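Okay, structure first, notes after.
The values are calculated or read from the model by the stated rules, or taken from the named source; none is laboratory data. Keep in mind it's a predicted model, so treat the numbers as computed, not measured. Cβ atoms come from the backbone with ideal geometry, glycine included; neighbour counts cover every protein chain shown. Each accessible area value is taken on the protein alone, full model and side chains, heavy atoms only, with ligands, DNA and RNA left out. Shrake-Rupley method; radii C 1.70, N 1.55, O 1.52, S 1.80 Å.
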Amino acid sequence: MSTGVWHQGEQQLQASIGMQERLASVGQQVLRDYLTEQLRSFFPLLPFVVAAAADEDGWPWASLWQGQPGFVSSPDPQQLHIATTLPAGDPLSPWLQAGQGLGLLGIELGTRRRNRVNGVVQQRNEHTMVLKVEQAFGNCPRFIQQRQPLPPRPESDGEQAEQLTTLDAAARSLISHADTFFVASHAGDQARRDGHLQLDVSHRGGPPGFVQLQGDRLLIPDYAGNRYFNTLGNLLLQPRCGLLFIDFEQGEMLHVQGEVEVILPDSASRQARIAALPGAERLWQVQIHKVLRRRQALTQPWQLLAFSPASQAIAEGQ
C-alpha cells in the first residue's frame, strides 16, 4: 500500500464489492505519511503496541511490546520512539536493524480505539527503537472486545519460549477459545518502498471460537470492516502471514506463521462454504508453517469486560 494509493491486491478486493472508485478518493483522505496531533497524543497513552516485522526469508512475525504508558512517544510528526528492551524470545528481535520495515498497531482495549503506523526502522539500540513514519491511519473499533488491566502478575523467572513442530493440545485450546488475534502481513517485493518491505499488522476479533481448527490449518471468517482490505490485499499478492494469539489472563503468547489461501464468493461451492460461518463475507485458510509459544510473556493481565456489539451479534446469529 502506498500513501494515498491502494496497491493491486487491495484494489482487486475493493473492485469485487464495487467499491474501488469510491475508495480511490477515500484513500487520499485517510492515508497519511505523517502522524496527526491526535495520533501523536494517542500512542503515549498505551501500555503496549503490536508490531510486525519479517525474517530474512520474508516470513512475517507479529508480536506485542510492553512498557509503562509513555514508552512510545513522538518527538515530531515523522517519528515514533519506542523505549523497550525486547526479550530474547521475541521473534521480531533479530530482524529489526536500521532499514527494515516495521508495522505498528496501537490499540486501547478500554476505549476500543486503534490506529496503525507503518514505516522503516531508522535507528535501534538495546533499549530504544526509532520508526520513521511512512503510513498512518485509523481503524474502526467494530470487533474489538473491551478489556481492563489487572494488577501485574508477581515477578517470575521470566518468560519461557518454546518452538513447536505442530499445534499441541494447549495451543489448540488457546486458539479455539480466542476472541482476538493479530495478523502481520506485507505485499511482497512488488510493493517495496525504498528497498524495504512494507509491513503491516492488524487486529481481528469475533465471538470465542471464531477461528476454526481443521487439522494443521486454521479457517478464519472475514467479517465486514472498513473495506480497505489492507491485510487480505497483502495476502492476495504475498500469502505468508504471522498470527499472534494471546491468553490475556494467563499471559501466554502463541506466534503462528502460515501460508494463506483467500476464499472469495466467486462460485456456488465457495459461497456455500462461506455461508456456513455466520457473518463471514469471505474466508481465509492458513496452512501452519511454524509455531512459537512464549509462556508468561504478557506481564500485564487483562480482564474481559464486554464483547463488541458486532461480535455479540454474530454469536447470536443476527
Please work out if Gln100 is open to solvent by 10 Å² or more (accessible area, probe 1.4 Å), of a type outside the set (D, E, K, R) and farther than 23 Å from Leu292 by Cα.
-> no
What is the residue count in the stretch 171-193 for residues that are touching a residue at least 40 places away in the same chain (Cβ under 8 Å), more than 16 Å from Ala54 (Cα to Cα) and exposed (fewer than 14 other Cβ atoms within 10 Å of the Cβ)?
-> 1
Scan of the stretch 175-213 for residues that are within 14 Å of the chain's Cα centre (by Cα) and modelled with pLDDT under 95, ordered by number = Gln198
Within the stretch 210-226, track down each residue that is assigned to a loop (DSSP other than H, G, I, E, B) and under 21 Å from Glu261 (Cβ atoms).
-> Phe210, Val211, Gly215, Asp216, Tyr223, Ala224, Gly225
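Limited to the stretch 239-270, what total is found for residues that are small (Gly, Ala, Ser) and open to solvent by less than 20 Å² (accessible area, probe 1.4 Å)?
3
Yes/no matrix, rows are residues, columns are (1) within 20 Å of Pro208 (Cβ to Cβ); (2) in contact with a helix residue (DSSP H, G or I) (Cβ under 6 Å, 6 or more places away or on another chain); (3) not in a loop (DSSP other than H, G, I, E, B):
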position: Leu254; (1), (2), (3): yes, yes, yes
position: Glu259; (1), (2), (3): no, no, yes
position: Arg273; (1), (2), (3): no, no, yes
position: Leu283; (1), (2), (3): yes, yes, yes
position: Ala310; (1), (2), (3): yes, no, yes
Of all the residues that make up the stretch 37-56, how many are loosely packed, with under 15 Cβ neighbours inside 10 Å and more than 14 Å from Arg114 (Cα to Cα)?
-> 2
Got at least one residue in the stretch 130-150 being touching a His at 6+ places or on another chain (Cβ under 8 Å), open to solvent by 10 Å² or more (accessible area, probe 1.4 Å) and not in a strand (DSSP E or B)?
-> yes
